[in-house]
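The structure appears below as structure tokens.
The values are calculated or read from the model by the stated rules, or taken from the named source; none is laboratory data. Since we're looking at a predicted model, the values are computed, not measured. FYI the Cβ positions are ideal-geometry reconstructions off the backbone, even for glycines, and counts take in every protein chain you see.
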Amino acid sequence: MEMVGDDYDTRDILRPLVFRLHANVPAIVREVLLERGWTEFDKNEQDDADWNLYWRNSPFRMTDHHSIKPWQRLNHYPEAVRITRKDYLARHLKRMKGAYGSALYEFSPVTFIMPNDYVKFTEEYIKERQSAGIRPTYWICKPVDLSRGRGILIFQDIKDLVYDCTVIVQKYISNPLLISGYKLDLRLYVCVTSFCPLTIYTYEEGLVRFATEKFDLSSLDNIYAHLTNTSINKYGVSYKKYKEGIGGGCKWTLSKLRSYLRVLGVDDTVLWQKINNIVILTLLAVTPLPVASNCFELFGFDILIDNKFKPWLLEVNYSPALCLDCSIDYTVKRKLLHDIVELLNYKEIDTFRQNQVERVKAGRRLVPWSTAGGSATEKTPGLLTRPKVAKCTSASSVQPALQAARGSVCKVATLTKKTTRAHPRKTLTSQLRERMNLPKIPSPAKAETKNKQLPGARHSPHKSAQLSRWLPSPDFCNSRLPIRPYFFSEKDQRPIPRVGDFVLVFPFNEAAFQASRDGTDIKSIIKEINKLVSKQLPSKEQKTKKRVGCLTFV
């Protein structure tokens, strides 16, 4: 790009957003980003910092987190494995159960980490065997660091327990909800856009995964009857066959399951609320993670529902599979990825990426970031106010510049509207976000504070603008995060209640929000969750109705 005097070519200022993919990232991630008008990072043609999103299936190095630039995002938080490795998750949930009572954390089956807990397991095993008048107890053994159903063993007799690595042993849920005799579980997608303050979104759509042979406790070694993993069932002889009540394959969408339940007279509202509670309580068990800016994490929560409509947490998946095994995958995961990009809330200012090679001339940088100390500014005729800036080497220097550059970016966006297309087509979400990102007009009167519970899974997108006004607060985690989170509205510093099919489930009211602002006051949050749970308890008539509906499936 050539510069004539102080004039710049505006078409070169707002460049397309750039994504960077590590090896083994599913092709659909690249396809979706290209569809949205992004370009792929080329290390031979671009500077090392000239990208906006870096996506990989494995954890990043801490040096990657420390060197993150203001316009960049990473798809993993440091130490997110605390919740995704089975033995770590078991320890955290056990600790939370001891600290805050077993009533809230009873959604996790009794778990033992082997070989360390072998004595405790044998005591529990003997106790269960000696108990009279109850049905037999079954157990499931899982390697702690394997996925896709590998190495799983289901047994009833302790003599059948054999393992050669660290495993967990849990009580096997032997009364699962069945549809036409087939076992199922749910893959729920959860996106954490911040751990400080804790901000959790659940995805309305998801996957329902079926076993491909009918559930049978007399045949514990039949993996096609007891495991729902697609990676296993797609190799079964019944996978492509039409199965009564299920159809071909082994997947439904979550919306199809919910419609199916309603047709049978089952109200799934309370069930969905309980599942959201499981998500919140599980993530609280590992909060806070190490402070890291410009990150997000997509988790895959595996939830099993028993025949009494109680949801159980099976495990939490790191980098949940985005491969496309069937048309259901294509429908759910493509939209999921589009909504994740919307949730990341990229702005026009993110297209001003620092380029160490081409963007420096006469000691001036095109990128409109200023150092924390501030400096005098020069005006480019007809374009924008351009600060003299030093080398931008850390995220901590960006906060003042975001405010200084906001007005400039709006001018540049107007000038370049007809010559560049840095973002995809307009959507309700993007229009809402743009309105929220307009410069704030100070008001002498403070907004009235009201306690409002956030919408549930059925919230409509057009209500987002109204709901975004809840919980007024003059500042938000201003001393803890060097960069204002991109997923909060500039207007009032609140999490956006809904983005696409992502629905905000935490914070769910003002008290929970305040308890998560400066650090994380888990005790206060647990208190609010207890209040929420007490409101969600169904009446006796509802319980009776659910039991009747449940019999239809078995």
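General observations
- Residue count, the stretch 144-160 (criterion: without any contact (Cβ under 8 Å) to a residue 40 or more places away in the chain and touching a strand residue (DSSP E or B) at 6+ places or on another chain (Cβ under 9 Å)): 5
- Among residues of the stretch 120-140 that are in contact (Cβ under 8 Å) with a residue 24 or more places away in the chain and closer than 20 Å to I168 by Cα, those with a Cβ under 9 angstrom from a residue that is part of a helix (DSSP H, G or I) and aliphatic (A, V, I, L, M), sequence gap 6+ or separate chain, pair up as F121/I158; T122/I158; Y125/I158; W139/I158.
- Residues in the stretch 304-323 that are closer than 23 Å to A80 by Cα and in a loop (DSSP other than H, G, I, E, B): S319, P320, A321, L322, C323.
For every residue, the table says whether it meets (1) aliphatic (A, V, I, L, M); (2) free of Cβ contacts under 8 Å to residues at least 12 places away in the same chain; (3) closer than 23 Å to C141 by Cβ.
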position: T282; (1), (2), (3): no, no, yes
position: P288; (1), (2), (3): no, no, no
position: S293; (1), (2), (3): no, no, no
position: I303; (1), (2), (3): yes, no, yes
position: L313; (1), (2), (3): yes, no, yes
position: R334; (1), (2), (3): no, no, no
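- When Y224, Y203, Y235, Y189 are checked against the criterion of being within 28 Å of T331 (Cα to Cα) and without any contact (Cβ under 8 Å) to a residue 12 or more places away in the chain, a single residue qualifies: Y235.
- Taken together, C165, C141 contain a single residue that is touching a Pro at 6+ places or on another chain (Cβ under 6 Å) and modelled with pLDDT of 90 or more, which is C165.
- Tally of residues being crowded, with 19+ Cβ neighbours inside 10 Å and outside any helix (DSSP H, G or I) across the stretch 324-346: 2
- Among residues of the stretch 233-259, those that are in a helix (DSSP H, G or I) and either more than 26 Å from the chain's Cα centre (by Cα) or among the polar types (S, T, N, Q) (or both), counted: 3
Each row is one residue, and each column tells you yes or no for (1) modelled with pLDDT of 90 or more; (2) closer than 20 Å to L104 by Cβ.
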position: W252; (1), (2): yes, no
position: S255; (1), (2): yes, no
position: W272; (1), (2): yes, yes
position: A292; (1), (2): no, no
position: N307; (1), (2): yes, no
position: L322; (1), (2): yes, no
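- Residues of the stretch 260-297 that are under 16 Å from R82 (Cα atoms), among the β-branched types (V, I, T) and part of a helix (DSSP H, G or I): V279, I280, T282.
- Consider the stretch 502-512 and keep the residues that are over 12 Å from F195 (Cα atoms) and either part of a strand (DSSP E or B) or among the aromatic types (F, W, Y) (or both). The one that is modelled with the lowest pLDDT is F508.
So that you can scan it fast, the table gives a plain yes or no per residue for (1) in a loop (DSSP other than H, G, I, E, B); (2) at pLDDT below 95; (3) surrounded by fewer than 23 Cβ atoms within 10 Å (Cβ to Cβ):
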site: C191; (1), (2), (3): no, no, yes
site: I200; (1), (2), (3): no, no, no
site: E205; (1), (2), (3): yes, no, yes
site: R209; (1), (2), (3): no, no, yes
site: S218; (1), (2), (3): yes, yes, yes
site: D221; (1), (2), (3): yes, yes, yes
site: S231; (1), (2), (3): no, yes, yes
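- When residues of the stretch 84-104 are limited to those that are within 22 Å of L298 (Cβ to Cβ) and basic (K, R), the one surrounded by the most Cβ atoms within 10 Å (Cβ to Cβ): K86
- Only one of the numbered conditions (1) surrounded by fewer than 22 Cβ atoms within 10 Å (Cβ to Cβ); (2) at pLDDT 95 or above is not met by K183, and that is (1).
- Unique residue being within 30 Å of D521 (Cα to Cα), among the small types (G, A, S) and not assigned by TED's automatic domain parsing to the domain that holds S58 when the list is A285, A321: A285
- Apart from one condition, R129 fits all of (1) surrounded by 14 or more Cβ atoms within 10 Å (Cβ to Cβ); (2) not in a loop (DSSP other than H, G, I, E, B); the exception is (1).
- Output for the stretch 257-267, where each listed residue is modelled with pLDDT under 90 and small (G, A, S): G265
- Pairs are defined by a Cβ separation below 6 Å, a sequence spacing of at least 6 or placement on different chains, a first member in the stretch 261-276 that is closer than 30 Å to V192 by Cβ, and a second member that is in a loop (DSSP other than H, G, I, E, B) and aliphatic (A, V, I, L, M); the pairs so defined are W272/A457.
- Search result, residues across the stretch 515-536 that are out of contact with any helix residue (DSSP H, G or I) (no Cβ under 8 Å at 6 or more places or on another chain) and surrounded by 17 or more Cβ atoms within 10 Å (Cβ to Cβ): R517
- Residue tally, condition on the phi > 0 side of the Ramachandran plot and of a type outside the set (S, T, Y), over the stretch 150-192: 2
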